[in-house]
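In what follows, a structure is listed as structure tokens, so that the remarks can point back to it.
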Amino acid sequence: MTALLAGLGLGFSLIIAIGAQNVFVLRQGLRREHVALVAAICAISDAALILIGISGIGAATSALPWLVPVIRWAGAVFLVGYGALAARRAIRPDGAGLAVEGEGDPAAKATTAVSVALTTLALTWLNPHVYLDTVFLLGSVGASHGTDRWVFAVGAMVASVIWFFGLAYGARLLSRWLAGPRAWRYLDAGIAVVMITLGVSLVWPSA
């Protein structure tokens with residue numbers, strides 16, 4: 001259960017951020033256009049990347065046991081640093097909300113399912129940060145859970161499914177809340193707490 005909750009918490013912390021992918025998912029939800037397709041592609045892509053990270057780093061640590069403490073400390077430093085940046089954004093926000101181009105525009109041109117699918121795939125797989133966050137970070141933190149790393153992976157995957165489908169189908173409700181900078185201050189504050197807590201927990205037993 002601990003590994004599952006850790007995966008769920010870290011998964012949410014990494015995925016909830018103002019970015020091109022989330023903006024696109026929200027935009028499609030607002031337009032009610034290929035909503036299930038977009039959410040499914042995002043969730044399945046995340047699941048594939050999480051599996052790559054967990055299996056790849058898991059195999060590496062099995063072959064080279066000395067990598068475990070190195071990865072643990074590297075992950076802890078990254079998590080605490082990431083959390084500190086989120087805390088800074090919460091304390092000193094840039095005043096930006098989540099602006100969605102074309103929101104509420106009934107004249108917006110409809111797009112085909114193929115076009116939407118290709119755009120979603122590009123926003124997911126061509127984003128370099130997704131490999132750092134999903135493959136390396138989730139993979140390294142998951143490896144620290146040993147045999148429970150697959151439970152951790154399931155938690156992270158569940159977070160992706162909940163977020164993407166919730167954002168896509170709840171877009172019309174969420175957009176009003178996410179449009180203002182105050183909501184993102186609260187989200188960043190929550191992200192900071194989760195990240196720093198997880199980072200400290202990685203090395204606390206050996207500290």
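Just so it is clear, none of the values below were taken in a lab; they were calculated from the coordinates. Since this is a predicted model, take the numbers as computed values, not measurements. Cβ atoms come from the backbone with ideal geometry, glycine included; neighbour counts cover every protein chain shown.
Pop the C-beta distance of L67 and V200 into the FRET formula with R0 = 25 Å and round what comes out to the nearest 0.05.
Once rounded, the FRET efficiency stands at 0.75.
Arranged by the count of other C-beta atoms within 10 angstrom, fewest first, what order do R185, R31 take?
Listed from fewest to most nearby Cβ atoms, that is R185, R31.
Test of understanding: what is the full-extension gain from L118 to W150, defined as 0.36 nm times their sequence separation minus their Cα-Cα distance?
8.6 nm
Taking 7 Å along the Cα-to-C-beta vector as the label spot, tell me the N127-I91 distance in nanometres, rounded to one decimal.
2.7
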